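What follows is a single structure, written as structure tokens, with notes after it.
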Amino acid sequence: MKRRYFIKLGALGTLVSTVDLAACTNAVTEDSADVVVVGGSPAGIMAAIAAARSGAKVILVEYHNHIGGLSTSGLGKSDIENKDAIIGLFREFTENILRYYTDTYGADSENVKKCRQGYYYEPSVAEKVFNTMIAREKNISLRLNYQIEKAVTEADQIKEAVFSHRSDNDSLKLKAQVFIDATYEGDLYALAGAAYRLGREGKDEFNEVHAGRIFFDYNENKFLAGSTGAADKKIPAYTYRLCFTDDPANSYVMKEPPLGYDRKNYLKYFDDLKEGRLSGPKVYKEGHGYYKAHFDTMLRVFSFAEIPNRKFDVNTNPRPLGFPFPEENADYVEAGWKQREKIFARHRALALGLLYFIQNDEEVPAEHRKMANQYHLAKDEFKDNNHFPWQLYVREARRLKGVYTLTENDVTLQEGKGRTTIFDDSIIAGEFPIDSFPASKEPSPDKKVLEGYIGMLPISPYQIPYRALLPEKINGIIVPVAASTTHAAYSTLRMEPLWMGIGQAAGTAAAIAIKNKVVPREVSVSELQKQLLANGQILTYFEDLDLKDKAALAAQFWGSKGFFDSYLSDLHQPVTGVVLTRWAKLFQETAGTNRASSTYSGETVSIADFLKSDVSLGHDTSWLYDNRSTDSPVLRGEICQAFYTSIFGKAHA
């Protein structure tokens, strides 16, 4: 029988499936759209929404029977340090989370407090919110349970992607003008023939301090003996992000060990307990998964963060030497689907086995076992998967070889500089510390850390260029997840809030490419940036920027062109002659005009002097903050707004 699957979403995000049993077995279904997004990760969801809201017809394809990736599969808190740096569709997501808890439990409820303005949530709530966001977009068609098998490329242009249904192997062939690879693994672009990196660059390839083989003391922020910086094929460990509860009425209690359980996998944790590696951090930071009651107990093998409804987002602590997950993913990335399923099962067994071990092993101190038995898998989460998350935490896999490769040096503040690398094609600001899980089971010679672990290394806010989303050679693909970075740089980019924003940029760029009948690499950067700014994206982060400021969008735009050499915009300060001379030159270059720029001098430039220049807008003074004497100094924000208006027009500035 031929089976055609049409997956749609009801008004509240509930799945509705209809099956047409009309012809022969293992049928081939063909379809097309303006944009095909492969991967229902948070980045893929936001890419689909951004493209759909820009008028494109979108098909979103996901391997699992659920969308949302890690954000609906146990990652119950948003990994973001600076909430002013990433807004856009990610902020819309957090606002929807907050609205759900407020509407369901009341504004003054404990659950609203625990959701922390929508940045913390239960996996099932995140899935409801994503489903509802997708359901509101009539231009999106959702296809679940399809795995990517093939990509058809002609003359370096991707034309078609072929999928098989995981239940019955029916084929699905999709054509599009633009494809977006939002998989964690970079599966689509690899099949299409795009070049990629896998593993860690050597220290000398991009002159990165934290590249390659590394033993790093996360408490003292220093390198340890054995660090060579040598390149290898290793990638950070994968785990599952679990959802626990301490509510007995909602607890799924393991009565027996999971299939494949072997206590020897966890015996090194006894040394960790004796030698202090299960203690608290040197610096305690709220919200980082630190739960003080668990310090110096066997329960510290996990990191807990409290979320609503008596639940916890539970990570596996990578700091003990007993951490069993490194190298278990060695053959994952380029494996076929059957082998990947085996690796899923292996990681699941290790995760459940660790919980069973600390709850039941007789060598674990009795008081530790008692504490561990307060927590169990939540029965009302992942109901169709025995209360266990469906998405493996793929922290890093392939990384595209793109038009530009983002490196550690781009995301860290270099000596003598006031900002990180400025990109004229910036599409979003990043902000999370460099944070890589161990890549090896090998401990440092002093037994402080596993090889490859870099824990929460602080960095400065940075820009991500559009070029990092584009393959060197293959046309028709945009890559918001497994993008073009080094391993070290990927360790900050790989966070769901940032990926949501990059996905928004990818979807926006795809829609512009279709509208203008160009390939993605020929999209007008200025047009893309203007649209992203209009939809709440942060392109340039400033410490002092009020987003309600009249010149806020203009300042961010010009921040990508080199106007600002620090994290202060000082928009309401007078512009100096030296600064305005430099800005005028950059404006001319961006505008593509050939006129000679004016030269200014003095500590301040008056409004009148600027109005006389060849880069002003003549008598139009709509860019001023207020009506005042033209003898008054012109302000930095006013210049930004004037130049922005000159390029995009008064109606769009």
| message | Could you check segment 225-253 and list, in sequence order, the residues that are of a type in the set (A, V, I, L, M) and buried (at least 17 other Cβ atoms within 10 Å of the Cβ)? | response | Ala231, Ile235, Ala237, Leu242
| said: at pLDDT below 95 and either assigned to a helix (DSSP H, G or I) or among the basic types (Lys, Arg) (or both): which single residue out of Ala249, Ala345, Ala293 fits that description? | reply: Ala293
| request: Give the residues of segment 205-257 that are touching a Leu at 6+ places or on another chain (Cβ under 6 Å) and among the acidic types (Asp, Glu), sorted by residue number. | output: Asp217
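Inside segment 140-152, can you point out the residues that are under 17 Å from Asp34 (Cα atoms), surrounded by 18 or more Cβ atoms within 10 Å (Cβ to Cβ) and not small (Gly, Ala, Ser)?
Ile140, Leu142, Arg143
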| said: From the list Phe270, Phe244, exactly one residue is within 31 Å of the chain's Cα centre (by Cα) and not in a loop (DSSP other than H, G, I, E, B). Which is it? | reply: Phe244
| task | Looking only at segment 40-63, decide whether some residue is in contact with a strand residue (DSSP E or B) (Cβ under 7 Å, 6 or more places away or on another chain), more than 24 Å from Thr508 (Cβ to Cβ), assigned to a loop (DSSP other than H, G, I, E, B) and in the same structural domain as Trp499 (by TED's automatic domain parsing). | result | yes
| message | Just to confirm my filter: which helices (runs of 4 or more DSSP H) fall fully inside segment 82-163 and include at least 3 residues that are closer than 25 Å to Ile477 by Cα and touching a residue at least 12 places away in the same chain (Cβ under 8 Å)? | response | 88-105, 123-135
| said: Being assigned to a loop (DSSP other than H, G, I, E, B), free of Cβ contacts under 8 Å to residues at least 60 places away in the same chain and closer than 30 Å to Leu278 by Cβ narrows it down to one residue among Glu362, Glu396; which is it? | reply: Glu362
| query | Hey, among the residues in segment 390-406 that are in contact with a strand residue (DSSP E or B) (Cβ under 7 Å, 6 or more places away or on another chain) and of a type outside the set (A, V, I, L, M), which one's surrounded by the fewest Cβ atoms within 10 Å (Cβ to Cβ)? | reply | Lys401
| request: For residues that are buried (at least 22 other Cβ atoms within 10 Å of the Cβ) and not in a loop (DSSP other than H, G, I, E, B), tally how many sit in segment 178-196. | output: 8
| request: Evaluate the following for Gln157: is it touching a helix residue (DSSP H, G or I) at 6+ places or on another chain (Cβ under 6 Å) and surrounded by fewer than 21 Cβ atoms within 10 Å (Cβ to Cβ)? | output: no
| Qualifying positions in segment 526-562 - closer than 15 Å to Gly430 by Cβ, assigned to a loop (DSSP other than H, G, I, E, B) and touching a residue at least 40 places away in the same chain (Cβ under 8 Å) | Gln537, Ile538, Leu539, Thr540, Tyr541, Ser560
| task | Go through Asn309, Asn265 for me and flag whichever is in contact (Cβ under 8 Å) with a residue 24 or more places away in the chain, over 27 Å from Asp247 (Cα atoms) and of a type outside the set (Gly, Ala, Ser). | result | Asn265
| message | Looking only at segment 504-525, filter to residues that are farther than 15 Å from Ser560 by Cα and without any contact (Cβ under 8 Å) to a residue 24 or more places away in the chain; which one of those is surrounded by the fewest Cβ atoms within 10 Å (Cβ to Cβ)? | response | Lys517
| field | Meets criteria (of a type outside the set (Gly, Ala, Ser), more than 21 Å from Asp296 (Cα to Cα) and without any contact (Cβ under 8 Å) to a residue 40 or more places away in the chain) for Lys222 | value | yes
| field | Members of segment 458-479 that are touching a Leu at 6+ places or on another chain (Cβ under 6 Å) and assigned to a loop (DSSP other than H, G, I, E, B) | value | Ser460, Val479
| request: Within segment 121-159, track down each residue that is farther than 30 Å from Thr104 by Cα and under 26 Å from the mean Cα position of the chain (by Cα). | output: Asn145, Tyr146, Gln147, Ile148, Glu149, Lys150, Ala151, Ile158
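Just to verify a result, which residue in segment 88-107, among those that are hydrophobic (A, V, I, L, M, F, W, C) and in contact with a helix residue (DSSP H, G or I) (Cβ under 8 Å, 6 or more places away or on another chain), is farthest from Glu137 (Cα to Cα)? I'd like the intermediate steps shown before the answer.
Our first condition is that a residue be hydrophobic (A, V, I, L, M, F, W, C); within segment 88-107, this holds for 89-90, 93, 97-98, 107.
Add one more test, that the residue is in contact with a helix residue (DSSP H, G or I) (Cβ under 8 Å, 6 or more places away or on another chain), and what stays is 89-90, 93, 97-98.
On the way: Leu89: 14, Phe90: 16, Phe93: 14, Ile97: 18, Leu98: 21 Å.
Step by step, filter segment 88-107, then rank; the result is Leu98.
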| task | Go through segment 88-109 and give me each residue that's more than 17 Å from Asn309 (Cα to Cα) and not charged (D, E, K, R). | result | Gly88, Leu89, Phe90, Phe93, Thr94, Asn96
| Which one of Leu350, Leu377 is in a strand (DSSP E or B) and more than 30 Å from Arg521 (Cβ to Cβ)? | Leu377
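The values are calculated or read from the model by the stated rules, or taken from the named source; none is laboratory data. Just so it is clear, the model here is predicted, and its values are computed rather than measured. No Cβ is skipped: glycine too gets one built from the backbone with ideal geometry, and neighbour counts run over all protein chains shown.
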